[in-house]
Amino acid sequence: QALLLVRNELPEQGLRLGALSGSCHRCLYRFLAFVPPSNGSLAEPGTVAVAVDTQHPLTLLVNGSAADTELCTIQYHFGEFGSYSLVVKTLSTSTTTVSCDLVINEGPINSYLPILFAFLVYKGILAVLIVGHLCMKIGPVRNWVYKKLSPRETDRLISSELGSPNTTDSINSDPSPRLWSTAPRQRLRSLDTFRGLSLIIMVFVNYGGGKYWFFKHESWNGLTVADLVFPWFVFIMGTSISLSLSSMLRWGISKWKVLGKILWRSFLLILLGIIVVNPNYCLGPLSWDNLRIPGVLQRLGFAYLVVAALELLFTRAEPGILETSCPTLQDILPYWPQWLFILMLEITWLCVTFLLPVPGCPRGYLGPGGIGDYGNYPNCTGGAAGYIDRLLLGEKHIYQHPSSSVIYQTTMPYDPEGILGTINTIVMAFLGLQAGKIILSYKDQHKRIMSRFVIWSTVMGVISAVLTKCSKEDGFIPINKNLWSISYVTTTSCFAFFLLLLMYYLVDVKRLWSGAPFFYPGMNSILVYIGHEVFEDYFPFKWKMQDSQSHAEHLTQNLTATTLWVIISYLLYRKRIFWKI
């Protein structure tokens with residue numbers, strides 16, 4: 001925020017100050033303050049101090065209180081922690097023309113310096129690790145280190161995953177069964193690396209992201225860094241489903257036993273979300289009166305159940321031998337019933353979203369409510385999606401503080417992990433499943449796998465461009481994380497296919513990168529996610545700060561907490577401790 005001191009030098013009328021955020025689409029002005037008239041006899045102007053937003057450009061509206069007439073408007077992007085004065089006065093005693101002058105009293109700070117400093121610190125740590133790894137390749141240095149360590153510790157050092165993997169990596173260097181490669185049962189490290197990257201960004205964002213706006217969820221339409229990670233996690237979950245089910249069936253496990261595992265894992269994910277993650281036990285024992293039912297793990301569990309069951313129904317033990325009249329589509333055509341089911345799901349989402357009558361709201365409404373759409377639909381937050389959650393779950397059992405409440409001043413509870421959006425979460429997981437089918441169908445054909453990833457990324461990007469008209473607000477279906485709109489799914493899957501392509505090339509094809517440090521939390525994703533939620537308010541993940549308005553302190557605390565979870569996951573990996581459900 002910034003400080004704005006408003007000085008009213010008009011002797012006869014007070015002022016009403018309103019503000020409109022540049023990110024608030026079709027919004028009403030939000031009232032900020034009333035500024036009293038100046039005291040003419042004492043020549044003292046009326047003054048009032050207000051805090052203004054620095055995240056987006058603001059339009060200030062100054063109205064006279066006498067007839068509520070507009071005196072002036074000013075568009076300005078205030079700087080963080082800057083101090084400004086808005087002086088409202090007449091140009092001269094002989095005229096009634098009003099001028100509004102904005103003066104900078106104290107310049108804003110550069111709030112991005114802590115990010116630069118943190119980047120340099122982590123870059124230095126990385127440089128030290130690389131130098132250490134290179135030194136270990138020098139014979140005398142390696143021998144001296146080995147002499148200082150016990151034989152068992154020497155073996156552990158040799159099989160360390162901190163450096164780049166090479167062709168001599170033994171099966172013991174990875175505790176999990178490997179899926180496929182030229183070596184028997186070799187696990188794709190790029191998948192765990194992708195999962196770990198998504199998880200670590202998610203942890204950092206949930207801890208506060210240094211209180212930077214781009215590490216927070218978008219208020220309504222649009223996309224920030226924080227909006228990418230959950231769909232990426234869903235995507236890679238779908239990819240893992242394809243590979244793991246294929247592996248289990250090749251080992252001769254019956255489909256009924258696999259289905260039992262799917263049902264049990266889905267039940268545990270949903271139960272953990274409701275009982276462990278959602279309640280705040282610091283506020284008292286678990287109470288049904290205000291328990292939030294939807295959540296991240298609940299949505300993951302349900303999406304996993306549907307996509308895994310769908311894949312189990314149609315998968316075979318040897319997907320690579322499926323014959324089709326079009327070899328270039330061998331990862332799609334044999335599974336046309338799955339695509340038909342997903343298409344029916346998407347048609348259901350479209351029909352419910354745009355055709356369901358919602359009391360007091362226009363049909364097909366996708367807006368945030370509140371002061372959006374000029375305040376015409378204040379209680380219509382989320383349209384059909386919000387209405388279904390409030391109707392079926394009850395207002396007290398869904399999220400009470402949606403991201404739209406800050407800019408759009410919404411008062412209705414709305415859950416971004418609600419019922420209707422789960423449909424498109426299933427679609428996202430299915431697109432990840434498609435990535436797994438590509439890996440299995442073109443086994444060991446790296447160029448064909450990567451070219452398929454490029455094609456799918458391009459197709460998803462084109463669909464997004466059509467749905468959104470390459471616009472944040474004016475498309476047919478805008479990108480919206482709260483609604484989990486289909487354009488949000490296609491956009492994030494476009495990035496997901498490209499990111500998976502990049503990691504697959506670097507980690508599994510060229511082996512230029514081991515995947516560290518993201519590989520380790522990717523191997524223990526459920527433990528890290530639940531752990532960071534449960535211990536969020538406890539030291540050393542959180543402590544009392546000297547200045548709660550400092551980006552530097554917030555960033556230090558959030559990066560420390562996130563780094564600790566990476567270290568914990570690495571230590572668990574070295575101890576061969578993995579929490580699987």
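The values are calculated or read from the model by the stated rules, or taken from the named source; none is laboratory data. Remember, predicted model here, so these are calculated numbers, not experimental data. All Cβ positions, even for glycine, are placed from backbone atoms using ideal geometry, and neighbour counts span all protein chains on display. For the accessible areas, the whole protein counts, side chains as well, though only heavy atoms, and no ligand, DNA or RNA atoms are used. Shrake-Rupley method; radii C 1.70, N 1.55, O 1.52, S 1.80 Å.
Short-range pairs are left out: with C-alpha atoms under 8 Å and at least six residues apart, the relative contact order of the chain is 16 percent.
Grab the DSSP H runs of the chain that are 4 residues or longer, score each as -39,500 (n - 2.57), total them, divide by all residues and round the 222 nm result to the nearest 500 deg cm²/dmol. Please list the in-between numbers first.
Working: 16 runs with 255 residues, N = 581.
Dividing the helical sum by the residues of the chain leaves -14500 deg cm²/dmol.
With 0.36 nm allotted per residue and the present C-alpha distance subtracted, the CYS72-ILE275 stretch has 67.7 nm of extension available.
Per residue, the convex hull spanned by the Cα atoms of the stretch 358-405 measures out at 68 cubic angstrom.
When the Cα positions of ILE567, LEU512, HIS554 are compared along the charge dipole of the stretch 507-581, LEU512 comes out farthest toward the positive end, with charges on each C-beta of Lys, Arg, Asp and Glu. Ordered from highest to lowest accessible area with the whole protein assembly present and a 1.4 Å probe, PHE117, PHE78, PHE267, PHE518 read as PHE117, PHE267, PHE518, PHE78.
With a sphere of radius 13 Å drawn around the Cβ of ALA33, what net charge do the other residues whose Cβ falls strictly inside it have (Lys, Arg +1; Asp, Glu -1)?
On the way: positive: ARG7, ARG16, ARG30; negative: none.
Cβ neighbours under 13 Å give a net charge of +3.
Please report Rg over Rh for the stretch 332-440, where both radii come from the alpha carbon positions and Rh follows the Kirkwood definition. Display every interim value, and only then the final one.
Working: Rg = 16.7 Å, Rh = 15.3 Å.
Radius of gyration over Kirkwood radius for the stretch 332-440 works out to 1.09.
The distance separating the Cα centre of the stretch 1-69 from that of the stretch 392-467 comes to 42 Å.
Rounded to the nearest 5, the antiparallel percentage of DSSP beta bridges internal to the stretch 2-106 is 85%. Phi angles across the stretch 566-571 convert, under the Karplus curve 6.51 cos²θ - 1.76 cosθ + 1.60 with θ = phi - 60°, into 3J(HN,Hα) values of 5, 5, 4, 5, 5, 5 Hz, Gly and Pro given as x.
Computed over the Cα atoms, what is the radius of gyration of the stretch 524-581 divided by 2.2 N^0.38 Å, N being its residue count?
1.29
Tell me which chymotrypsin sites (Phe, Trp or Tyr not before Pro) from the stretch 433-488 have a DSSP coil assignment and no more than 14 other beta carbons within 10 Å of their own. Answer in residue order: PHE476.
Please report the relative contact order for the stretch 2-106, taking Cα pairs under 8 Å with a sequence separation of at least 6, and give it as a percent rounded to a whole number.
Working: 256 pairs, mean separation 32.9, N = 105.
Relative CO of the stretch 2-106 lands at 31 percent.
Among (i) 50, 31, 21; (ii) 72, 25, 23; (iii) 62, 39, 18, which one is semi-axes √(5λ) of the Cα gyration tensor in Å computed from these coordinates? Only one option fits the structure, namely (i).
Pairs from the table (LYS437/LYS510; LYS216/LYS472; LYS211/LYS481; LYS216/LYS580; LYS123/LYS211; LYS216/LYS544) lying more than 25 angstrom apart at Cα are LYS216/LYS580.
Within 10 Å, count the other beta carbons around each residue, average over each peptide in 539-550, 248-259, and list them highest first.
Numbers: 539-550: 11.2, 248-259: 12.9.
The packing order, highest mean first, is 248-259, 539-550.
Across LEU129, LEU433, LEU393, the residue with the most accessible area heads the list, and the full order at a 1.4 Å probe is LEU129, LEU393, LEU433.
Per residue, how much accessible surface does the chain expose to a 1.4 Å probe? Answer in Å², no decimals. Let's see the in-between values first.
Working: 28080 Å² over 581 residues.
The answer is 48 Å² per residue.
Charge dipole (Cα centre; +1 on Lys/Arg Cβ, -1 on Asp/Glu Cβ; no other charges) of the chain amounts to roughly 2820 debye.
Using equal-weight Cα scatterers in the Debye expression, the normalised intensity of the stretch 57-134 in log10 at q = 0.18, 0.19 Å⁻¹ is -0.86, -0.91. Accessible area per residue was computed with a 1.4 Å probe on protein heavy atoms; VAL121 scores about 60 Å².
Write down the percent of antiparallel bridges among all DSSP beta bridges whose residues are both part of the chain, to the nearest 5.
Values: 35 of 41 bridges.
Close to 85 percent.
For the chain, the fraction of 1.4 Å probe accessible surface lying on carbon and sulfur atoms is 64 percent. Each 10 Å bin, from zero up to the one with the longest distance, holds this percent of the alpha carbon pairs of the stretch 2-106: 15, 49, 29, 6, 0.
Among 131-138, 46-53, 350-357, how do they line up by average Cβ neighbours within 10 Å per residue, starting with the highest? The partial results should precede the final answer.
On the way: 131-138: 11.9, 46-53: 16.2, 350-357: 14.5.
Averaged packing, sorted descending, gives the order 46-53, 350-357, 131-138.
Here's how it looks for THR90: its modeled amide H is under 5 Å from those of SER99, which are all 5 or more places away or on a different chain.
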